[in-house]
Amino acid sequence: MYAQMVKSESADDSAEAKAFQERIDAGEKIEPKDWMPAGYRKTLIRQIGQHAHSEIVGQLPEGNWITRAPTLERKAILLAKVQDEAGHGLYLYCAAETLGVSRDELTEMLLDGRMKYSSIFNYPTLTWADMGAVGWLVDGAAIMNQVPLQRTSFGPYSRAMIRICKEESFHQRQGYDIMMKMAAGTPEQKAMAQNALNRFWYPSLMMFGPSDKDSIHSTQSMAWKIKMNTNDELRQKFVDQTVPQAEYLGLTVPDETLKWNEEKGGYDFAEPDWDEFFEVIKGNGPCNTERLAARNKAWDDGKWVRDGLLAHAEKRAIKKVAAE
Amino acid sequence: MAQVDQAQLFEFLCRMGDNTLVLGHRVSEWCGLAPVLEEDIALANTALDLIGQTQMWLGLAGEVEGKGRSADDLAMLRDVWDFRNVLLVEQPNGDFGQTMMRQFLFDAWHLAVLTALAESSNDRIAAIAAKAVKEVQYHVERSGDTVIGLGDGTSESHQRMQKALNLLWPYVGEMFVTDAVDDAMAKAGIAPDLATLRAAFDTHVGGILTEATLTIPDGKFTHKGGKTGFQHSEHLGHMLTQMQWLQRAYPGATW
Ligand SMILES: [Fe+2]
Ligand SMILES: [Fe+2]
Ligand SMILES: [Fe+2]
């Protein structure tokens with residue numbers, strides 16, 4: 001899940017707000033020009049913005065391996081995947097812009113730390129198997145959240161999700177494909193695959209955020225249909241889907257308590273270390289500093305380019321007017 | 001098809017494939033770090049096209065060589081002195097302007113060569129070129145527009161682009177220097193005589209640079225040695241330590 005712990009604003013009880021809620025309950029899509037409660041708008045900007053930032057920062061851990069990909073084909077697939085993530089960022093910033101906030105404003109808020117991105121991208125990618133684990137687990141967890149969001153109430157967000165989901169399943173497959181090759185490879189490759197699973201398992205479970213079954217914020221977001229399931233529901237679904245995949249690979253999920261529970265029809269599993277999660281959110285994850293520094297550097301280094309291209313476009317426009 | 005020495009044909013194909021391999025790699029180094037999101041996407045596009053072309057050129061090179069080497073073997077398991085790319089493409093990215101200037105100078109040459117290669121007497125080469133030329137038409141349009149936009153942008157962007165041009169212009173000549181391999185290819189109708197492409201290149205590039213308000217530096221000096229493999233720059237070796245690392249560290253593994 002790329003939007004974690006998004007604080008929801010509360011609804012007001014005006015007549016408009018009630019009519020608005022009725023539209024949502026009836027399954028209607030809300031479009032940018034429609035009336036909407038200020039809280040709905042604010043919450044959506046936070047959520048879509050955080051999601052967009054996650055796509056952008058998410059380029060970095062995988063970008064870390066593009067220049068070391070083992071074959072030309074793997075390099076092309078990984079590059080295409082990371083390119084998709086940039087595209088996802090673009091769709092989402094566009095969706096956010098329909099709510100009255102510009103991409104540059106959102107970017108500034110990411111860069112100075114006012115807005116967050118998903119905790120998962122603050123973990124390092126240390127071996128090639130991590131490219132497998134990220135696709136398999138991280139994109140896999142993202143899909144869990146994004147598939148239901150295709151039905152979200154806000155039209156532009158829903159449409160962005162539909163486009164994004166088409167590409168995410170390819171991402172997950174290419175990740176799993178890397179894992180299959182590694183797990184069936186040399187002893188070193190298999191060890192690399194297990195090592196990647198060991199490091200990415202709990203951070204992937206954290207992606208869904210802490211339990212929110214008692215959270216007022218989540219209840220409001222769910223009423224507005226900008227959150228479709230509780231964090232625990234999605235986490236359970238993810239574990240149930242992923243454990244058999246790990247077994248198929250011949251890898252061991254690093255959780256000794258993991259056990260099928262016949263009664264609930266799902267696995268019992270250990271919670272991740274939520275103290276670690278809150279540290280990562282606060283900026284103390286293994287790569288927070290590097291990730292933000294990399295984005296800041298790209299933005300600062302790129303200033304002269306953005307300014308230059310803008311200045312040129314203005315010169316052109318003036319020349320065009322003069323010629324008319 | 002005209003008869004041609006297979007070792008020379010192999011050499012020629014490595015030159016084509018190594019140019020795209022090395023430049024594709026350089027461009028891919030930008031991943032996630034471009035000045036705007038649209039450029040991240042566009043740079044990745046260019047890199048992807050170049051990697052795809054590499055697979056075709058080096059794949060064919062391996063077939064012609066007949067020793068069972070795949071495109072990946074050629075890319076990942078040769079050392080510096082076996083690479084046949086021109087020095088221009090192995091030059092470091094520098095700032096975004098330097099990257100785009102390098103791209104434009106190469107794209108303009110690449111387009112001219114591929115256009116001619118699409119008429120090659122060798123059907124396999126003609127087919128690869130016909131596919132690649134469509135991609136490169138787009139590359140040169142984009143890199144040319146960017147050179148214009150930044151050259152004729154702010155005074156800072158202008159200065160940076162002029163600096164990039166001054167730095168990279170001495171690498172242009174190598175793309176047109178011919179040797180026995182080129183002569184043999186030209187004679188067999190496989191590839192164009194590179195010297196005949198220079199005038200059109202100068203017109204094309206000169207036009208864009210003028211619009212960009214940039215000045216081509218004086219002097220005819222040209223760095224050479226990449227295309228023949230005699231003497232690469234120090235940069236290439238460092239690139240290979242990254243690009244080839246996994247294949248070298250875990251020989252024989254499949255990925
Ligand atoms: Fe994505
Ligand atoms: Fe993603
Ligand atoms: Fe993805």
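The values are calculated or read from the model by the stated rules, or taken from the named source; none is laboratory data. Here the structure is a predicted model, which means the values were calculated and not measured. Ideal geometry is used to build each Cβ from the backbone, glycine not excepted, and the neighbour counts take in all protein chains shown. Just the protein is used for accessible areas: all its heavy atoms, side chains included, with ligands, DNA and RNA removed. Shrake-Rupley method; radii C 1.70, N 1.55, O 1.52, S 1.80 Å.
Of note:
- Set of lysines with alpha-carbon distance to A:Lys315 below 21 Å, sequence-local pairs under 8 removed: A:Lys303
- The dipole here belongs to the stretch B:6-249: it is taken about the Cα centre, uses +1 on the Cβ of Lys and Arg and -1 on the Cβ of Asp and Glu, and is about 380 debye.
- Gyration tensor verdict on the protein assembly as shown (Cα atoms; rounded if a/c is under 1.5, prolate if a/b is larger than b/c, oblate otherwise): oblate
- Signed unit charges on C-beta, dipole axis of the protein assembly as shown, positive-most listed residue B:Met243, B:Gly225, A:Ala141: B:Gly225
- Largest first, the residues B:Asp79, A:Asp240 sort by 1.4 Å accessible area into B:Asp79, A:Asp240.
- Two-decimal Rg/Rh across the stretch A:120-221, once Rg and the Kirkwood Rh are taken from alpha-carbon atoms: 1.07
- Overall form of the stretch B:108-255 per C-alpha gyration tensor (a/c, 1.5; a/b vs b/c): oblate
- For A:Gly266, the residues whose amide H sits under 5 Å from its own are A:Asn261, ignoring neighbours fewer than 5 places away on the same chain, with H placed 1.01 Å from N.
- Exposed-loop-free span, longest in chain B, where trypsin sites (Lys or Arg not before Pro) count as exposed if DSSP calls them loop and at most 12 other C-beta atoms lie within 10 Å: B:68-219
- Computed on the stretch B:116-185, with alpha-carbon pairs under 8 angstrom and 6+ residues apart, the relative contact order is 13 percent.
- Annotation: B:Ile125 carries an accessible surface of approximately 0 Å², with a 1.4 Å probe and no ligand, DNA or RNA atoms counted.
- Set of lysines with alpha-carbon distance to A:Lys259 below 25 Å, sequence-local pairs under 8 removed: A:Lys190, A:Lys213, A:Lys237
- Gain on full stretching of the segment that runs from B:Lys134 to B:Thr210 - 0.36 nm per residue minus C-alpha separation: 24.8 nm
- The ratio of the alpha-carbon radius of gyration of the stretch B:6-249 to the globular-protein estimate 2.2 N^0.38 Å is 0.97.
- For B:Lys67, the lysines whose Cα falls under 28 Å of its own Cα, not counting residues fewer than eight places away in the same chain, are A:Lys75, A:Lys181, B:Lys131, B:Lys187, B:Lys227.
- Within the shell defined by Cβ-Cβ distances under 15 Å, the residues around B:Asn166 carry a net charge of +2, with Lys and Arg each +1 and Asp and Glu each -1.
- The stretch A:99-134 versus the stretch B:105-148: alpha-carbon centroid distance in Å: 36
- Using the Karplus relation 6.51 cos²θ - 1.76 cosθ + 1.60 with θ = phi - 60°, the per-residue 3J(HN,Hα) values for the stretch A:7-14 come to 6, 8, 6, 9, 7, 9, 10, 5 Hz, with x marking Gly and Pro.
- Positive end of the dipole of the stretch B:6-249 (Cβ unit charges, origin at the Cα centre): among B:Val80, B:Ala118, B:Pro35, the Cα lying farthest that way belongs to B:Val80.
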